[in-house]
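Below is one structure; the comments refer to it alone.
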Amino acid sequence: MATKNQIQPLTPAVFHILLALSKEEKHGYGIMKQVEKDSQGKVSMGAGTLYGSLKRMLDSGLVKESDKKVDPTMDDERRIYYQITGAGRKALEAELERYKRIVTVAQERKLFPNTYAV
């Protein structure tokens, strides 16, 4: 059961968006491309999922719209850039810590295939 101050687990879409924004501000298409790159092509985020998630993330304070408006390589003033907030960083850190604990349990239970000869 979650305590009052405990950050709730993130949905996969929110996790990937926060991860994509962790290094720099990006517009929607840039976020989609970064998610694809980060996941080595295993996650493809559609516009509906992206913008629905971004709206909820804006409402909850995980991201905010940036003052940056033009990507010189895209040359489009209509693009809205997003950046991760302090709350978004805390949520991402908490999620990564949850993943780390899960991986530790899996290692302790020897659930990973042996990949190295010892």
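Coordinate-derived values only; no laboratory data. Bear in mind that the values here come from a model prediction, so they are computed numbers and not experimental data. FYI the Cβ positions are ideal-geometry reconstructions off the backbone, even for glycines, and counts take in every protein chain you see.
Rounded to whole Å, the principal axis extents of the Cα atoms in the stretch 12-108 read 51, 28, 22, largest first.
Summing +1 for each Lys or Arg and -1 for each Asp or Glu among the other residues whose beta-carbon sits under 11 angstrom from that of V43 gives 0. Subtracting the Cα-Cα distance of K100 and A47 from their residue separation scaled by 0.36 nm leaves 16.1 nm.
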